[in-house]
Amino acid sequence: MAARLLVVFLVTAAAASEHSSHVVVSVGTEAYGAAPYSYYPQSVYYPQHSYPHHPVYSHHPQPSYGHHEPAVPACAANTTKPWCLEDAEYPLYEIQHALQYNAHHVLDLYADVADLNTALSVERPKTLDEETYLCPSATAYVRPLRAINTDGKWRVIVNNVEVHYQTLTQTARVEECLTAGDACPLVPECYGSTCLQKSIYHRFLVYDPYDYYLPFSIETFALPASCACLLSAYTLDH
């Protein structure tokens, strides 16, 4: 009888092993078998979809210079003034190329500093028969290609550059003292006079080749505007 029960339990255990890895053989009140463990099916991973890579194009071309410009441009060696009217290294092509991507914004900036009728900005006497200025000066209308801004840095000024069939020019009237620091002529020496150079601020549209996002902006420049006669304090002694 015991042998028959043992055979039944062995057959039952074999059938159960097909569905579970936990095999238990029980005889009476005793159980024999391997330690139970849980069976978890392996996770199935699906490969992610691969999408074609599209390059990101920038609307602002990087500057074509291989190095930064020097703090003082080469054109400054040919003048003693804080501006250059001629510049063999003027980046005309780079400015025109950058304007193609920023034309709308640049034209808005330019409208704020566009040329006025500077020829009539200051009236001067046509003859010197009846009157003259105390301090002699030289007047000119200039279109600088580079100049020193109010922060003391040389900047490239947008001048004589075409964009959308329009030529961008920026003209300034300058008046420089010919005898700055000297006594004013026609003034008695007892007054202690001095010819003084006076300046005025101009706003110019400039180009910065190393500004990646927007290489155009408006900056201020101090240019000579007039030559005045400064009188020192004077008291009459009786």
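Does residue 217 fit the bill of being under 30 Å from residue 106 (Cβ atoms) and free of Cβ contacts under 8 Å to residues at least 40 places away in the same chain? So that I can check it myself, show each step before the final result.
On the way: under 30 Å from residue 106 (Cβ atoms): yes; free of Cβ contacts under 8 Å to residues at least 40 places away in the same chain: no.
So residue 217 does not fit the description; no.
Just to be sure before I move on: is residue 149 on the phi > 0 side of the Ramachandran plot, under 22 Å from the mean Cα position of the chain (by Cα) and touching a residue at least 12 places away in the same chain (Cβ under 8 Å) in the structure I sent?
Numbers: on the phi > 0 side of the Ramachandran plot: no; under 22 Å from the mean Cα position of the chain (by Cα): yes; touching a residue at least 12 places away in the same chain (Cβ under 8 Å): yes.
No: the conditions fail for residue 149.
Residue-by-condition table, conditions (1) of a type in the set (Phe, Trp, Tyr); (2) within 18 Å of residue 160 (Cα to Cα):
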site: 74; (1), (2): no, no
site: 93; (1), (2): yes, yes
site: 103; (1), (2): no, yes
site: 111; (1), (2): no, yes
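Collect the residues in the stretch 191-211 that are more than 22 Å from residue 143 (Cβ to Cβ) and open to solvent by 80 Å² or more (accessible area, probe 1.4 Å), keeping them in residue-number order. Give the derivation first.
If we filter the stretch 191-211 for residues that are more than 22 Å from residue 143 (Cβ to Cβ), which is where we start, we get 191-196, 210-211.
Matches in the stretch 191-211: 191 only.
Counting residues that are charged (D, E, K, R), modelled with pLDDT of 90 or more and open to solvent by less than 20 Å² (accessible area, probe 1.4 Å), which strands (runs of 3 or more DSSP E) fully inside the stretch 66-185 reach at least 1? Give the steps one after another, and end with the answer.
Working: elements: 137-142, 146-148, 154-157, 161-163, 166-168, 172-177.
Correct list: 146-148, 172-177.
The values are calculated or read from the model by the stated rules, or taken from the named source; none is laboratory data. Quantities reported herein were computed from a predicted structural model and do not represent experimental measurements. Neighbour counts are summed over all protein chains in view; Cβ atoms, including those assigned to glycine, are modelled from backbone coordinates with ideal geometry. Calculation scope for accessible area: heavy atoms of the full protein, side chains included, ligands and nucleic acids excluded. Shrake-Rupley method; radii C 1.70, N 1.55, O 1.52, S 1.80 Å.
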